[in-house]
1. Within the range B:181-202, which residues are over 30 Å from A:V30 (Cβ atoms) and within 7 Å of chain A (Cβ to nearest Cβ)?
2. Can you list residue pairs whose Cβ atoms sit under 6 Å apart, with the first residue in the range B:48-63 being away from chain A (no Cβ under 14 Å) and the second being small (G, A, S) and more than 9 Å from DNA strand D (Cβ to nearest atom)? Count only pairs 6 or more apart in sequence or on different chains.
3. So A:G207 fits all but one of (1) within 23 Å of A:S115 (Cβ to Cβ); (2) in a loop (DSSP other than H, G, I, E, B); (3) over 26 Å from the mean Cα position of the chain (by Cα); what number is the exception?
4. Tell me yes or no: at least one residue of the range A:139-157 is at positive phi, within 14 Å of chain B (Cβ to nearest Cβ) and either within 16 Å of DNA strand D (Cβ to nearest atom) or under 22 Å from the mean Cα position of the chain (by Cα) (or both).
5. Looking at (1) more than 14 Å from chain A (Cβ to nearest Cβ); (2) in contact with a strand residue (DSSP E or B) (Cβ under 9 Å, 6 or more places away or on another chain), can you tell me which one B:T205 breaks?
6. Within the range B:188-238, can you find the residues that are hydroxyl-bearing (S, T, Y) and farther than 25 Å from A:A97 by Cβ?
7. Return the residues of the range B:33-53 that are within 16 Å of DNA strand C (Cβ to nearest atom), part of a helix (DSSP H, G or I) and surrounded by 14 or more Cβ atoms within 10 Å (Cβ to Cβ); say none if nothing qualifies.
8. From the list B:T245, B:T232, which one is open to solvent by 50 Å² or more (accessible area, probe 1.4 Å) and in a strand (DSSP E or B)?
2 protein chains.
Amino acid sequence: MYNDLIPAFQIGGIVAAPKGNMSYRDIKKVVLDRIQNRIWGPDSLLPGEIELAEEFSSTRTTVNRALRELAEEGFLERKRKAGTRVLHSPARKAQFAIPLVRDEITDAGATYRYSLVKREVMPAPSWLTAKLALKPDREVLHLQCMHFADNEPFQLEKRWIIVESVPEVLEADFTASGPNDWLVQKVPFSNLELSFFATKADEDTAGFMDASVGDPIFATQRTTWLRGEPVTHAVLYFTPGYKMTTRL
Amino acid sequence: MYNDLIPAFQIGGIVAAPKGNMSYRDIKKVVLDRIQNRIWGPDSLLPGEIELAEEFSSTRTTVNRALRELAEEGFLERKRKAGTRVLHSPARKAQFAIPLVRDEITDAGATYRYSLVKREVMPAPSWLTAKLALKPDREVLHLQCMHFADNEPFQLEKRWIIVESVPEVLEADFTASGPNDWLVQKVPFSNLELSFFATKADEDTAGFMDASVGDPIFATQRTTWLRGEPVTHAVLYFTPGYKMTTRL
DNA sequence: GAGTGGTCTAGACCACACA
DNA sequence: GTGTGGTCTAGACCACTCG
């Protein structure tokens, strides 16, 4: 039954170490299989690295890498002196790439088109001042942009850029390409907060997207800081029916 | 300006390598800072590992670990023979933990309460048969559960479990604790697909949540396989206003 | 073919956490 | 104190991929 999983190391349904030397990948596979088959059940303590190195006729360095990666992936918990334990509920971690919209669209084989909807220099709205803990009366550049996939509306972007943090932004031309492109080029980012939520299309949004007022809209929100200073805040509204998916 | 970032290695605004030996963490910091300050700009080629090891008076092994991790984090691209390049657009990756609902609630300091709403053994609905590529006429256990935080509705869970894949599930008692707990205990998972999307509350959902019909609802969908066999499919509807957040 | 990263080895010292 | 993982070193061979 498990033969397709780890063919080489499978002996009568029990995971056995092969005779030859094993790579850290091999060791990961064997250890993971033992966890999944409850040979090392939840909360149980694994043998020490030295002992495992002997069993796998490998070195501690190699075993260490295997176990370290399994811990990073959320299967194990490692503590000095206490040893390595199997996590009770595998605290798996989902990983998402955060692509540029353009990449997301072209990677899907569609044609990308960009359009600047609105550009406005204004004092920071109070909610933004509060959210980013800005000093009062900061100036921001507010932009609204549409991103199209094969000429269908794909994403509406509402962005606020703190002028004080990147004064050059006032000179930038956003009619041909979006602020994200510019920011990626110009500002080395250092810190990011990312949120996902659902909202409903208001009249304005519905007008831009191919949507009716009240339609549920999947949206993400990104706030970026550079060395502690807030740089930009963006809300991205996706076309109705958009689904973000990942496998692991 | 950058002094608070890497105080020890900062000399007049230019990143310099210190005299003593550096850990792989130190090397990561220096390399990342050089990327962010465009000393090594987008698409540029980094020196080879040996050269860097000399600069940092370290070894290739240590430099290798630093660069490998920066590549995993989406800053660099590494190829044999071609060398190490700075990625043009930092393909940053967002990581989310995938906690059990209970943990999510108790970690937030709230009291968790569970309630089984519906339990039904039924033939697999056709959409599920199609989605999971089931053989025709499989039997599934369908469950609906509510998860409360401080007695406020937090999440509505609709789950389908393929009986053939885990026959014992028919004997399990889900009145006191949820199917997720049981599955985590019982079934070593091997493969997972995770989706996020927005939907709107129908009458049924609105009745369970503290919501009005038509309210936007943030939802996630999880499908789990065990060694290629579909085990369970779940859709989790969050209370209106729920926002999933991560920092990096 | 040749250069780069990928990985393994054998050994050492260190840092933390538990008793 | 003492045992475990965390990390570094110095050297070696291998594998991929570019020219």
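The values are calculated or read from the model by the stated rules, or taken from the named source; none is laboratory data. All of these numbers come straight from a predicted model, not from anything done at the bench. Here the Cβ is made from the backbone with ideal geometry for all residues, glycine too, and neighbour counts use every protein chain on show. For the accessible areas, the whole protein counts, side chains as well, though only heavy atoms, and no ligand, DNA or RNA atoms are used. Shrake-Rupley method; radii C 1.70, N 1.55, O 1.52, S 1.80 Å.
1. B:S195, B:F196, B:F197, B:A198, B:T199, B:K200 - these are the residues of the range B:181-202 that are over 30 Å from A:V30 (Cβ atoms) and within 7 Å of chain A (Cβ to nearest Cβ).
2. Final answer for the pair search is B:E55/B:A17; B:F56/B:A17.
3. All conditions pass for A:G207, except number (2).
4. No, every residue in the range A:139-157 fails to be at positive phi, within 14 Å of chain B (Cβ to nearest Cβ) and either within 16 Å of DNA strand D (Cβ to nearest atom) or under 22 Å from the mean Cα position of the chain (by Cα) (or both).
5. For B:T205, the failing item is (1).
6. Start the filter on the range B:188-238 by keeping residues that are hydroxyl-bearing (S, T, Y), which leaves B:190, B:195, B:199, B:205, B:212, B:220, B:223-224, B:232, B:237.
If the condition is that a residue be hydroxyl-bearing (S, T, Y) and farther than 25 Å from A:A97 by Cβ, then B:T205, B:S212, B:T232, B:Y237 are the ones that fit.
7. Matches in the range B:33-53: B:R34, B:I35, B:E49, B:L52, B:A53.
8. Going through B:T245, B:T232 in turn, the sole match is B:T245.
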